[in-house]
Amino acid sequence: MNILFVIDMQKGFITDSNKHLVEKINNLIKSKKFDKVIATQFINKKNSQYIKSLNWNDMFSSPQIDFAVDLPKDAIIIKKHSYGLPSSMFKQDGLYVKDFILPKTGEIFICGTDYDACVLAVGYQLFDEGYAPKFIENAIGSSSRNPIDKNIIERIMQRNFGKQSIV
C-alpha cells in the first residue's frame with residue numbers, strides 16, 4: 001500500500017518560498033499512484049508554545065487553516081496542534097488514523113511544508129515507530145522567508161533516515 005502524507009499544505013503556510021509546492025502536490029495527488037492520501041492540518045491554540053516561546057500568533061482559523069491543495073474526497077485529515085503527529089495515534093501495532101490503521105509494510109511518501117520543522121518531525125515519529133518514510137525531494141519546501149538550505153536538510157534526512165529516504 002502506498003500512502004501519501006501531505007504535511008501542512010494550508011493557505012497560511014504558503015509563501016513565495018514554497019508556493020511552487022501547490023502544483024507539484026496537486027499533480028502527485030492526481031497521479032493516482034497512492035492508495036491513500038493523509039493530510040495534516042495544523043491549528044494553533046491560545047497559550048501554545050508557538051505563542052509563548054516564538055511569539056507566533058497565526059493559524060487559528062479560516063482562511064489560514066484551509067488547505068491550499070486539492071485533497072481527494074476520501075483523504076484522511078489529521079488535525080494537530082504540534083510540529084508532529086499526536087502521540088495518541090501511535091499504538092503497538094501501527095499508526096491509527098481514524099478508522100484506518102497504517103500498515104508498517106507499505107510505502108509512506110512525505111511531501112509538504114516545512115521541511116525544517118513539521119516534515120522532519122512527522123518523519124522522525126514515523127521512523128521511530130518502525131516505518132521507513134520517503135521524502136519526495138521536489139515536493140517539500142519551507143514557508144520561511146530565510147529557509148535553511150535544502151541541501152543541508154537533505155543531508156539530515158539521508159543521515160537520519162537512510163540514503164533511500166529521498167526520492
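The values are calculated or read from the model by the stated rules, or taken from the named source; none is laboratory data. Just so you know, these numbers come straight off a predicted model, no measurement behind them. Here the Cβ is made from the backbone with ideal geometry for all residues, glycine too, and neighbour counts use every protein chain on show. Areas reflect the complete protein model, heavy atoms only, side chains present, ligands, DNA and RNA absent. Shrake-Rupley method; radii C 1.70, N 1.55, O 1.52, S 1.80 Å.
Which of rounded, prolate, oblate describes the range 6-98, given a ≥ b ≥ c as roots of the alpha-carbon gyration tensor eigenvalues and a/c under 1.5 marking rounded, otherwise prolate only if a/b is larger than b/c?
Values: a/c = 2.35, a/b = 1.17, b/c = 2.02.
Because a/c hits 1.5 or more and a/b fails to exceed b/c, the range 6-98 counts as oblate.
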Open item on the list: Which lysines, if any, have their Cα less than 18 Å from the Cα of Lys150, not counting same-chain residues under 8 positions apart?
Closed with: Lys19, Lys24, Lys134, Lys163
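Can you tell me the alpha carbon radius of gyration of the range 64-155 divided by the globular rule-of-thumb value 2.2 N^0.38 Å? Show your work: numbers first, answer last.
Numbers: Rg = 13.8 Å, N = 92, 2.2 N^0.38 = 12.3 Å.
Cα Rg divided by the expected 2.2 N^0.38 Å: 1.13.
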Open item on the list: I need the phi-derived Karplus couplings for the range 59-69: 6.51 cos²θ - 1.76 cosθ + 1.60, θ = phi - 60°, integer Hz, Gly and Pro marked x.
Closed with: 6, 9, 7, 5, x, 4, 7, 6, 6, 8, 10
TODO: Would you mind checking which residues have amide H under 5 Å from Ile110's amide H? H placed 1.01 Å from N; only 5 or more apart, or other chain.
DONE: Phe5, Lys134, Phe135, Ile136
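Check each of the trypsin sites (Lys or Arg not before Pro) in the range 50-158 and keep only those in coil by DSSP with at most 11 other C-beta atoms within 10 angstrom; list them in order.
Values: sites: Lys52, Lys73, Lys79, Lys80, Lys91, Lys98, Lys104, Lys134, Arg145, Lys150, Arg155; in loops: Lys73, Lys98, Lys104, Arg145.
Those that pass, being in a loop and sparsely packed, are Lys73, Lys98, Arg145.
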Task: Phi to ³J(HN,Hα) by Karplus 6.51 cos²θ - 1.76 cosθ + 1.60 over the range 155-167, Hz, x for Gly, Pro - done: 5, 4, 4, 4, 5, 8, 10, x, 4, 6, 7, 10, 10
TODO: Under a cut-off of 21 Å between alpha-carbon atoms, report the lysines in cross-link reach of Lys46, not counting same-chain residues fewer than 8 places apart.
DONE: Lys11, Lys79, Lys80
Task: Residue-normalised accessible area of the chain, expressed per residue, 1.4 Å probe, Å² - done: 54
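For the chain, with all protein chains present and a 1.4 Å probe, just round the carbon and sulfur fraction of the accessible area to a whole percent. Let's see the in-between values first.
Working: 4340 of 8960 Å².
C and S fraction of accessible area: 48 percent.
List the chymotrypsin sites (Phe, Trp or Tyr not before Pro) within the range 42-106 that DSSP assigns to loop and that have no more than 16 neighbouring Cβ atoms inside 10 Å.
Here the sparse-neighbourhood loop sites are Trp56, Phe60.
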- [ ] Could you go through the range 97-103 in sequence order and give the Karplus-derived ³J(HN,Hα) for each residue, using 6.51 cos²θ - 1.76 cosθ + 1.60 with θ = phi - 60°, rounded to whole Hz, and x for Gly and Pro?
- [x] 10, 6, 8, 10, 9, 6, x
- [ ] With runs of 4+ DSSP H residues as the only contributors, calculate the mean residue ellipticity of the chain at 222 nm using -39,500 (n - 2.57) per run, divided by the residue total and rounded to the nearest 500.
- [x] -6500 deg cm²/dmol
Task: Spatially proximal aspartates and glutamates relative to Lys30 (Cα-Cα < 20 Å; intrachain offsets below 8 disregarded) - done: Asp8, Asp66, Asp70, Asp74, Glu107, Glu137
Task: Amide hydrogen neighbours beyond the local backbone of Ile78, cut-off 5 Å, H modeled - done: Ala39, Thr40, Gln41
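Equivalent ellipsoid semi-axes for the range 1-156, as square roots of 5 times the alpha carbon gyration tensor eigenvalues: give them largest first, rounded to whole Å. Kindly include the intermediate steps, with their values, before the conclusion.
Details: eigenvalues 100, 67, 52 Å².
After diagonalising the Cα gyration tensor, the semi-axes are 22, 18, 16 Å.
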TODO: Can you quote the Å³ per residue value for the convex hull of the Cα atoms in the range 46-103, rounded to an integer?
DONE: 120
